[in-house]
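First comes the structure, then the notes that go with it.
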Amino acid sequence: MLKNIRVVLVDTSHPGNIGATARAMKNMSLRQLHLVTPQHYPHQEATSRASGADDLLNDARVAESLDEALTDCRLVVGTSARTRSVDWPVVSPREAAAKLVQEAKQGDVALVFGRERSGLTNDELDRCTFLVHIPTNEEYSSLNLGAAVQILAYEIYLAHHQTHADDVDSKRDLATADMLQGFHEHLAQALDDIGFTDPRQSQKLLRRLRSLFQRARPDKDEINIMRGILSAMQGRKSMRR
């Protein structure tokens, strides 16, 4: 199942951090490295810091957007170093690892890391099912990207070897990240078409609705049903009388 776990780095500025990530991944038997718009890649410093994990760098996939990197993922866990004003579901590293390993039994999942200085934006966190926070010393909470990857990769490796319980959700054909994003875009357009949204409050409303559906973990059939309802609301589909 470890082969189904993607490590996604977004807009990485230092190539050495990409190499350190590859090394941390290979230490813990992770293979899928996805890079979203890296600022310097390929680069000699990345190869040097990889220290023998060159094969992961050679196989790394470069994407033009986070949505592209998350295609077909049934679970997305985003990382954050600070408390956010928006109420995302937050789990510990150990809980995140257990969820990723369990879901990876059925298909691809992703662990997403943001920029070295600013992390993930709110829009990028919107793509995540859960948010993971690594607890650190409050007086010195800065954590290097490579170190953060190593900590979470280690927890994933432990979970892979320790977990045996079957999760009910792992047997469901959950909607993938790209399906959910398409649904949320459709929902925003439908609410606008029927005059429900207020331009002054629409972003806050849509983010709360997104959080609701992320918690619900809808499957593919449920998303298709919801999109059918939205189409009917918009008058694109006849409704039964």
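The values are calculated or read from the model by the stated rules, or taken from the named source; none is laboratory data. Here the structure is a predicted model, which means the values were calculated and not measured. Heads up, the Cβs are rebuilt from the backbone with ideal geometry, glycines too, and the neighbour counts pull from every protein chain shown. Accessible surface areas use protein heavy atoms only, side chains included; no ligands, DNA or RNA. Shrake-Rupley method; radii C 1.70, N 1.55, O 1.52, S 1.80 Å.
Can you tell me which residue within segment 101-125, out of those that are under 12 Å from the mean Cα position of the chain (by Cα) and of a type in the set (A, V, I, L, M), is nearest to N17 (Cα to Cα)?
Per the criteria, the residue is V112.
Answer yes or no as to whether I223 is out of contact with any Lys or Arg (no Cβ under 8 Å at 6 or more places or on another chain), closer than 21 Å to A20 by Cβ and of a type in the set (V, I, T).
no
Does segment 183-195 contain at least one residue that is open to solvent by 50 Å² or more (accessible area, probe 1.4 Å), assigned to a loop (DSSP other than H, G, I, E, B) and of a type outside the set (F, W, Y)?
Yes, segment 183-195 contains at least one residue that is open to solvent by 50 Å² or more (accessible area, probe 1.4 Å), assigned to a loop (DSSP other than H, G, I, E, B) and of a type outside the set (F, W, Y).
Being open to solvent by less than 60 Å² (accessible area, probe 1.4 Å), touching a residue at least 60 places away in the same chain (Cβ under 8 Å) and not in a helix (DSSP H, G or I), is that true of even one residue in segment 96-104?
No, segment 96-104 contains no residue that is open to solvent by less than 60 Å² (accessible area, probe 1.4 Å), touching a residue at least 60 places away in the same chain (Cβ under 8 Å) and not in a helix (DSSP H, G or I).
Of all residues being open to solvent by less than 80 Å² (accessible area, probe 1.4 Å) and of a type in the set (D, E) in segment 196-221, which is modelled with the highest pLDDT? Just the residue, please.
Ranking the qualifying residues of segment 196-221, first place goes to D219.
Quick one: F130 ticks every box in (1) within 16 Å of A98 (Cα to Cα); (2) more than 13 Å from the chain's Cα centre (by Cα) except a single one, so which number is it?
(2)
Please indicate, with yes or no, whether at least one residue in segment 80-89 is within 21 Å of T21 (Cα to Cα), acidic (D, E), touching a residue at least 12 places away in the same chain (Cβ under 8 Å) and not in a strand (DSSP E or B).
No: zero hits.
Could you say which residue among S80, S92 is farther than 22 Å from T12 by Cβ and either among the hydroxyl-bearing types (S, T, Y) or buried (at least 18 other Cβ atoms within 10 Å of the Cβ) (or both)?
Residue meeting the stated conditions: S92.
Can you work out which of the residues in segment 135-154 that are at pLDDT 95 or above and touching a Leu at 6+ places or on another chain (Cβ under 7 Å) is farthest from K204 (Cα to Cα)?
Among those that are at pLDDT 95 or above and touching a Leu at 6+ places or on another chain (Cβ under 7 Å), it is A153.
Which of the residues belonging to segment 156-175 are among the hydrophobic types (A, V, I, L, M, F, W, C), at pLDDT 55 or above and not in a helix (DSSP H, G or I)?
The answer is L174, A175.
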